Each structure stands twice: as structure tokens, then as C-alpha cells.
Amino acid sequence: MHDPTGKALWLIESDLDGNLDLQAIADACGVSRFRLARDFVVATGWPVMRYARVRRLSRAARRLADGEQDILGLALEAGYGPHEAFTRAFREQFGITPEGLRARANLDGIELREAMRMQPTSTFPLSEPRFEQGDELLIAGLGERFTSDKTQGIAALWQRFVPYIGRVPGQQGEETFGLCHSPDEEGSFEYIAGVRVSRTDDLPTGFTYQRLPPRRYVVFRHRGHISSIHETFAAIFQRWLPQSGLLAADAPEFERYSADFDPMAGTGHVEVWVPLKG
């Protein structure tokens, strides 16, 4: 069983002194840093290195409340060089300076990030998957960058895109696509609400596009209302992929919506296409 997220959590807890960076964690997990960043956010709701930083700050907070005097030493252990950088990050996280917490000598009102343990499975039901050799896809539409905790803006992006459906130059077919691509090291990603097109030379102002080469996918039909689609993604990445022995490729994944899909009524259907390595 290959579980990069679970291994990454173990590595972070094993190295709270701040020596590991995202590349080192990804190398140890056998995946690229971008794949790890994306999968970790889907599974935990946290960017990898933000989780590591908050865990280190939480450990420092416990020790300060217990009377630790060496704040510079704590800063270095938490991966911060200058004392000022540590103090700034500590205050942003907990609303109090390290000196203030040490003087107070208790953790009342301080929300620590305890060590996270991966649950072996998500209980959200998955449809029986099918495997597809996907053709080249050229998807064009409105795009925006989102973070793991701000995905509610995707619905507003779709509302802006809906008036273009059926009127995009070169549009092919009536299905629509929600394309996730270009994750960064903090776990944010670009999302395109779009359609398949044959050309990009005369797209409307503000449009963006992505060209996907032919590749192999595993496809799941989402069950339930569209508002719970994150549950399908979590079940795929937390449960199905680790148990399957397959690896997701470092390539865009997408939602494919049927032509009759109505997000308000929940009619029609949506599929999640996950690219596979190899």
C-alpha cells in the first residue's frame, strides 16, 4: 500500500526540529513535491509545510507555557533563523508573543495543532471505477487560483462562466469541465471552469486554457449533490489510490459534467477523472 500523505505525516512528526523541506519529504515519499502538495491538502485540508510549521510552533508553545527560557533555541528548533521571524510567526498563529506566553505560564485560549493521524479510510461511498485512455483535451474557460480553505469561491467562478456555455468559439460538445492544475508548494491550485475547444485564437477576454495530452485515467462517477464532491476526491486519494497500488500522475485532474447537469437541482451527473502514472 502506497500512502504518501500518511508517510509525510510520520516524517514531519519524526523531524519537528525543522530540517525537512517539501522536496525532502516528497523524495522520501516517492512522489513529486507538487503531487504531494496536492494530495496532502485533499487528504488533510492542510498544506504540507504550513502543517509542519504549525506543529513546530505548537510544540514551542507547550514548552514556553512550561517555563522554557531559551526562546532563541526554540526558534532555531522550529526552523526559524532570526528571533524576530519566530516571534512574528508565533504571534500570527496564537495571538501572543513567545515572551507573553512564557510569562502567562498556561495555554488557556491557545489553539494548538495536535499531531494528525491519517484515518485509513474515508467512509464516503465511491462508485465502481472505470479506466479510460483519454484523448488530447484542450479546455478553455475562466480560471482562478484557490487554496484548500477557500474553495467555496469555485461556485462563484462557475456562475460567471455559465453565460458563455455554448457560445465559446470552437466549443466542442456540450459537456463542461472543472480542471485542477498547477498546484504550488502551499497546496493552492489553478481551477478552470470551462469547455472543450478546438482552438484558442479568439477566446473571450479573460479566458485561459490548458492542453492535456492523451493519457490514462481512472474515472469515478460522483454520487450525491455537487456540494459534496470534495468527499469523492478525499475518498479517492485517501482510500482508493493507496489500496489500489496505483499512483496518480503529476498532471491535471478534472471533473466532467454532463450536458444536462444542473448544480441547483442536482440533476445530470459528474465524473472525476484522475490521471494515472505509467
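Which whole number in µm²/s is D for the stretch 183-278 by Stokes-Einstein, with the Kirkwood Rh taken over Cα pairs at 20 °C and 1.002 mPa s? Show your work: numbers first, answer last.
Numbers: Rh = 15.3 Å.
It diffuses with D of about 140 µm²/s by this estimate.
Can you put THR205, THR200, THR176 in order of accessible area, largest first, using a 1.4 Å probe?
THR205, THR200, THR176
So what's the angle, to the nearest 10 degrees on a 0 to 90 scale, between helix 48-65 and the longest Cα principal axis of the chain?
Taking the Cα atoms of the chain, the angle to 48-65 is about 20 degrees.
Give the whole-number value, in cubic angstrom per residue, of the convex hull volume spanned by the C-alpha atoms of the stretch 1-113.
Values: hull volume 11.5 nm³, N = 113.
Enclosed volume per residue, from the Cα hull, is 102 Å³.
Can you give me the relative contact order of the stretch 1-42 as a percent, contacts being Cα pairs under 8 Å and 6 or more apart?
Working: 21 pairs, mean separation 18.0, N = 42.
For the stretch 1-42, the relative contact order is 43 percent.
How are the Cα pair distances of the stretch 104-201 distributed, in percent, across 10 Å bins from 0?
The percentages, shortest bin first, are 12, 27, 31, 16, 8, 4, 1.
Given the rule -39500 (n - 2.57) for each run of at least 4 DSSP H residues, summed and divided by the residues of the chain, what is its mean residue ellipticity at 222 nm, to the nearest 500 deg cm²/dmol? Could the numbers behind the result be given before it?
Details: 10 runs with 95 residues, N = 278.
-10000 deg cm²/dmol, from helical runs alone.
Extending each Cα 7 Å along its Cβ direction at GLU144 and ALA103, get the distance between those two points in nm, one decimal.
4.3 nm
Could you bin all the Cα-Cα distances of the stretch 30-70 into 10 Å bins starting at 0 and give me the percent of pairs in each, rounded to whole numbers?
Going out from 0 Å in 10 Å bins, the stretch 30-70 shows 28, 35, 21, 16, 0 percent.
Given Cβ point charges of +1 (Lys, Arg) and -1 (Asp, Glu) and nothing else, what value in debye, to the nearest 20, does the dipole of the chain about its Cα centre take? Write down the numbers at each step before the final one.
Values: 32 positive and 38 negative charges, 36 e Å.
I would put it at about 180 debye.
How large is the translational diffusion coefficient of the chain in µm² per second when you combine the Kirkwood radius over alpha carbon pairs with Stokes-Einstein at 25 °C and 0.890 mPa s? Display every interim value, and only then the final one.
Working: Rh = 20.7 Å.
The estimated diffusion coefficient comes to 119 µm²/s.
In degrees, nearest 10, range 0 to 90: what is the angle between the Cα axis of helix 4-14 and the longest Cα principal axis of the chain?
10 degrees
If you count only protein heavy atoms with a 1.4 Å probe, what accessible area per residue comes out for the stretch 123-278, rounded to a whole Å²?
Numbers: 7570 Å² over 156 residues.
That works out to 49 Å² per residue.
Full-extension gain between TRP10 and SER244, please, as 0.36 nm times their residue separation minus the C-alpha to C-alpha distance.
Numbers: separation 234, 0.36 × 234 = 84.24 nm, distance 2.12 nm.
Result for the pair: 82.1 nm of gain on full extension.
With only alpha-carbon pairs counted, each pair once and no self-pairs, how large is the Kirkwood hydrodynamic radius of the stretch 50-152 in angstroms? Walk me through the numbers on the way to the answer.
Values: mean 1/r = 0.0578 Å⁻¹.
The Cα-based Kirkwood calculation yields 17.3 Å.
In whole angstrom, how far apart do the alpha carbon centroids of the stretch 84-99 and the stretch 206-278 sit?
40 Å
The values are calculated or read from the model by the stated rules, or taken from the named source; none is laboratory data. All values reported here derive from a predicted model rather than from experimental measurement. Cβ sites come from the backbone with ideal geometry, for glycine too, and all protein chains shown count toward neighbours. Heavy atoms of the whole protein, side chains included, go into the accessibility calculation; ligands, DNA and RNA do not. Shrake-Rupley method; radii C 1.70, N 1.55, O 1.52, S 1.80 Å.
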